[in-house]
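The structure under discussion appears below in the form of structure tokens.
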Amino acid sequence: MLDRKDKWSVGQWMTSNPHRIAPETSVRTAFLKMRTAGYRHLPVVEDEKLVGMVTDRDLRRPDLSDEPEGWHDFYNLDDDYEVRHVMTSRVESMKPGDSLEKALDLLIERKFGAAPVVDKHARIIGIITTFDLMRAFQSALGEVGEALRQGY
């Protein structure tokens, strides 16, 4: 199962069993799913293996092949356009036993909002987001905040 799940590991703070979608899902369906559920990142899975990540930003990419009359025409959210066409397929993932510091380094260096968490068989078991990392930071400040404020 989880390699390590101590207080400062990815496995402790990740969102377990995240919603996922298939690469053949239409961008419209993915967009509506994200919007109604309040997600900004969805792992893309095929045959139980992680094949990509799609973000709300990916789904809002302008389709510059046509000349739009207005901003509302800038988005290609039809049912024939699939997630596989807009997802990031070179995904960098984390392991549950990785440190939060490693997750922070990855998200900061690569300017990611989230990273999938996979088990030793490359199956997705979670997702670590910037929100998850802020919760961890909040917890750490709760433990050492007074000492920091006092200058210790």
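Counted as qualifying within segment 41-152 are the helices (runs of 4 or more DSSP H) with 2 or more residues that are modelled with pLDDT of 95 or more, namely 100-110, 130-150. Criterion applied to Val27, Val54, Val44, Val10 was being surrounded by 16 or more Cβ atoms within 10 Å (Cβ to Cβ), within 17 Å of the chain's Cα centre (by Cα) and closer than 27 Å to Leu141 by Cα, and the one residue passing it is Val10. For segment 135-144, does any single residue satisfy the condition of being touching a residue at least 40 places away in the same chain (Cβ under 8 Å), aliphatic (A, V, I, L, M) and closer than 21 Å to Met87 by Cβ? Scanning segment 135-144, I find no residue that is touching a residue at least 40 places away in the same chain (Cβ under 8 Å), aliphatic (A, V, I, L, M) and closer than 21 Å to Met87 by Cβ, so the answer is no. Screening Ser9 against (1) among the small types (Gly, Ala, Ser); (2) more than 19 Å from Phe112 (Cβ to Cβ); (3) touching an Asp or Glu at 6+ places or on another chain (Cβ under 9 Å) leaves a single unmet condition, (2). Just for segment 108-144: of the residues that are surrounded by fewer than 17 Cβ atoms within 10 Å (Cβ to Cβ) and of a type in the set (Asp, Glu), which one is nearest to Thr55 (Cα to Cα)? By that ranking, first place goes to Glu109. For segment 94-107, taking the residues that are closer than 15 Å to Phe137 by Cα and among the aliphatic types (A, V, I, L, M), the one that is surrounded by the most Cβ atoms within 10 Å (Cβ to Cβ) is identified as Ala103.
The values are calculated or read from the model by the stated rules, or taken from the named source; none is laboratory data. Only a predicted model underlies this, so the values are computations on that prediction, with no experimental measurement involved. Every residue, glycine among them, receives a Cβ derived from its backbone with ideal geometry; neighbour counts consider all protein chains shown.
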